[in-house]
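Scroll down for the structure; my scribbles are underneath it.
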Amino acid sequence: MRRRQLSLGLAGTAVLALGSLLLPAQPASAAGPRPDFRAPWPCGEGRDYYHHSSEVHNAIDFNIAGSADLGTPALASASGTVIDAVPMPNSSGYGNYVRVDHGGGWTSLVAHLDRISVAKGQYVRTGDELGKVGNTGESFGAHLHYEQEADGQNMPIVIDGVALRYSATAARHTSGNCGTPQPLLAGSPTDFTGDGVDDIVTFTQNPEADVYVAPSTRTEFGEAKVWHDFFAPGGETPLTGDFNGDHKDDVVTFTKGTESDVYVALSNGNGFATATVWHDHFSPGGEIPAVGDVNGDGYDDIVTFTHDADAKVYVALSNGTDGFHPATVWHDYFAPGGEFPALGDIDGDGDDDLITFTQGTTADVYVALSNGKDAFGTGKLVHDHFAPAGELPRIGDVNGDKKDDIIAFTQGTESDVYVALSDGTTYGPGARWNDFFSPTGEFPYVGDYDGDGKDDIVTFTHNTEADVYVSVSNGTDAFVNGRKWHDFFGTPGETSL
């Protein structure tokens, strides 16, 4: 992460039966690999399911006895773009229904909804609410009708890795739709007031779409105030950066849906101005956006990792005033799907570089340096075991030498924090800098909150207490003095940085 130098001054629970099993043949399809579909209802909850002879081919109905599921959430079973959000009246028989395009020819559909919670063109993540379970259309009791389609053909349903049985006798499934994993956000500057100290921001990402900022006083975060009253509603990906070079960080949001617009709201030091479109198509669908100054001109740019088999990296440079230039490919293979991509100035030359954490069991870290003009160089292995699967990597200059280091939050029962320092070429051994910080369920981030030029760590508890804790860097070997800096900021479901 770039740092700036500022001058001072239908049935109940059913037992699986041997009733007549309907095992439809797999239709021929040229679609890509099946997405990792999750159950279309909340994590850990059970539903009875069945398929009857008059049902749509390969469709399955999910139900809680006695219409107890009426009004409960119907969720996206995989990430994608809403291509149909069709209310009553319509002639489909589905009642209120939503169809999501997951890419590769795959779609899914939920139907008979009581009401719809999304709009056509909106990007949704696994676990986002599509609507409420209902009894509309050709339905004879509240239930959740669900289909999976490949190239327009209904396919046998697989959710949570389980191929569901087809029978008129109800079976039961417990949802593994526990939401999208922590967002792939490794760090971005958050000095909104321009005083040289990072602040905190939270995007409510609900229909109100407010943006709150709590400025740092160097020893705590001050009162949270609304800095924007409509920015980055649900389904969008908000980030931060200084896009006009005035040393005050701004906010950016990637709409992700059909349009894939990019909006920026510039900071005036006390609030964010009206949002305007700075790019009309960037980082669509499941791509991973990031922010950094990749050409060293003092303006933050936008980067997107396609995060698929092609693994391309696109950059759109800021013009410093009102837009980003057309996107161009700066790397033709970096951070394929399953890896955790990021940006940071690894060698201290003022240009942000590419970083990716392979995670998994290998837990390698690769870097591709920016040439400051139009490309990132060849990827190079810079660490052979850091931030394995389940850990959350972050980027920041924790020792103040102007070279970004890598940080890993293990979460879990130990909740250790490890750091590997950059020497400008590679990373040294990982060392534990804190032995309990940001346990599972919290969201950790990085910034210089006390203004000493060394990045510190922050965690948002994201529970009903909504506390914010900070532990400051001693610049050598530890994050110290961990304590509460705010007692209510960043409630569940918000994106806090």
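If you go through segment 213-233 and pick out every residue that is in contact with a Lys or Arg (Cβ under 9 Å, 6 or more places away or on another chain) and closer than 23 Å to Gln122 by Cα, you end up with 0.
For segment 56-70, a residue qualifies if it is open to solvent by 30 Å² or more (accessible area, probe 1.4 Å) and either assigned to a loop (DSSP other than H, G, I, E, B) or modelled with pLDDT of 90 or more (or both), and the qualifying residues are Val56, His57, Ile64, Ala68, Leu70.
With respect to the conditions (1) under 17 Å from Gly187 (Cα atoms); (2) of a type in the set (Val, Ile, Thr); (3) part of a loop (DSSP other than H, G, I, E, B), Thr491 lacks only one, and its number is (1). The residue that is nearest to the chain's Cα centre (by Cα), counting only those in segment 338-379 that are open to solvent by less than 40 Å² (accessible area, probe 1.4 Å) and among the aromatic types (Phe, Trp, Tyr), is Phe340.
Taking segment 397-428 as the range and being on the phi > 0 side of the Ramachandran plot and at pLDDT 95 or above as the test, the residues that pass are Gly400, Lys402, Ser415, Gly424.
Counting the residues of segment 354-374 that are assigned to a strand (DSSP E or B) and closer than 16 Å to Ile302 by Cα gives 3. Of the candidates Lys225, Lys248, Lys256, the single residue that is basic (Lys, Arg) and either touching a helix residue (DSSP H, G or I) at 6+ places or on another chain (Cβ under 9 Å) or open to solvent by less than 30 Å² (accessible area, probe 1.4 Å) (or both) is Lys256. Remark: pairs (first residue in segment 475-497, of a type in the set (Lys, Arg); second residue assigned to a strand (DSSP E or B); Cβ separation under 6 Å; 6+ apart in sequence or on different chains) = Lys484/Tyr469. Exactly one residue out of Gly105, Gly141, Gly121, Gly95 is open to solvent by 10 Å² or more (accessible area, probe 1.4 Å), more than 30 Å from the chain's Cα centre (by Cα) and of a type in the set (Gly, Ala, Ser), and it is Gly141.
What do you reckon, is Glu223 in a loop (DSSP other than H, G, I, E, B), closer than 17 Å to Tyr449 by Cβ and either at pLDDT below 95 or acidic (Asp, Glu) (or both)? Yes; evaluated as a whole, the condition is true for this residue.
The values are calculated or read from the model by the stated rules, or taken from the named source; none is laboratory data. Fair warning: this is a prediction, and the values are worked out from it, not measured in the lab. Here the Cβ is made from the backbone with ideal geometry for all residues, glycine too, and neighbour counts use every protein chain on show. In case anyone asks, the SASA skips ligands and DNA or RNA and just uses the protein heavy atoms, side chains included. Shrake-Rupley method; radii C 1.70, N 1.55, O 1.52, S 1.80 Å.
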